[in-house]
1. Once the Cβ-Cβ distance between residue 196 and residue 176 is put in as r, and R0 is 25 Å, what FRET efficiency do you end up with, to the nearest 0.05?
2. How far is the Cα center of the range 148-220 from the Cα center of the range 63-109, in Å?
3. Give me the percent relative contact order of the chain, please, defined on Cα pairs under 8 angstrom at least 6 residues apart.
4. Let's test the formula: R0 of 51 Å, r as the Cβ-Cβ distance of residue 10 and residue 204. What FRET efficiency results, to the nearest 0.05?
5. Using only DSSP helix segments of four residues or longer, with each worth -39500 (n - 2.57), what per-residue ellipticity at 222 nm results for the chain after dividing by its residue count and rounding to 500?
6. Beyond 30 Å, what share of the Cα-Cα pairs of the chain is found? Please give it as a whole percent.
7. For a quick check: sort 96, 14 by the number of other beta carbons within 10 angstrom, fewest at the front.
8. Sort 98, 307 by Cβ crowding within 10 Å, fewest neighbours at the top.
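Read-outs throughout are calculated quantities, based only on the coordinates presented, and are distinct from any laboratory measurement. From a predicted model like this one, the values you see are computed outputs, not experimental measurements. Cβ placement follows ideal geometry from the backbone for every residue including glycine, while neighbour counts extend to all protein chains displayed.
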Ligand SMILES: *Cc1c(COP(=O)(O)O)cnc(C)c1O
């Protein structure tokens, strides 16, 4: 058999896939911890009973109870809601619906969430970046200068991993500047921790605005894989063209609908209250620790802090089973670690371990 032109399986893969660095999720990075503060999850499990037993049947593409309950919760119409396999699927559907591979681009402003680039690169769509200003706010002039060919702009507010809100007047300026040119995606994965900041009230003014939401953070359901995109009907209908026929399994839709009942929502609000109190405890203590240079204000369920010798601090806590998220490699985040707000016991473990650091 000739070996001429023999292509290995890897050779056969698309070039952008061969070159792709997959998302370094907290789970993928591993670690042998018993204190997991690296993925912004809720620290304890909420119990559910399955009520749907029709697993012989395919599920609805857009399960009505989950959609109706989310619309009610978010104060929008059911036609303005798309449900997907986590907000991460929403990020990808937006690239697939709006960006021509090899031609169009997405734009985002680092330091921010890592999945915007991974989704675009997987699909073969150019990533354009405009780093934030020194205060981690948008460089509006920089964005305006780089908007040519951009079809989707992702802005995370409150931003992961910095924890602060993007100025609403800047978001408005961005929406004005992109009218008739590009979609603006506001990633509100953490909005339950600062609900007054949501942009849902702006949907009626901006047909090119899409808002991402998730059940993975304040709703304590990261393992469920369920997220939502909120936008006007025209935009939602385009996403419905590219979504898989059965994106959510029946048990997922069942539990999502339960989590979004009035009782589910009030339980979520109680969890948020408790996390906000716990965040205050963590922040106050971090500020008294020698190896902590700076603690940044947070509107979320995590805290970003700058450390002296962050890499050795990170490693030392890792070796003690306390797993944080190292943000040191992100632009403008040298020396920074991100700490999820967990239980009081978990906060105490972090504080005690940091106090013991000899730096
Ligand atoms: C966690 C997170 C998501 C992903 O949410 P899933 O619904 O779990 O896919 C999206 N955006 C940001 C900023 C996040 O932190």
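1. On the way: r = 22 Å, r/R0 = 0.88.
With R0 = 25 Å, the Cβ-Cβ based efficiency is 0.70.
2. Between the Cα centres of the range 148-220 and the range 63-109 lies a distance of 12 Å.
3. Numbers: 645 pairs, mean separation 79.6, N = 359.
In percent, rounded to a whole number, it is 22.
4. On the way: r = 49 Å, r/R0 = 0.96.
The pair residue 10/residue 204 has a calculated efficiency of 0.55.
5. Taken over the chain, the calculation gives -10500 deg cm²/dmol.
6. Numbers: 26002 of 64261 pairs.
So the pairs more than 30 Å apart make up 40 percent of the total in the chain.
7. Numbers: 96 18, 14 12.
Ascending Cβ contact count within 10 Å gives the list 14, 96.
8. On the way: 98 21, 307 24.
Ranking 98, 307 by Cβ neighbours within 10 Å, fewest first, gives 98, 307.
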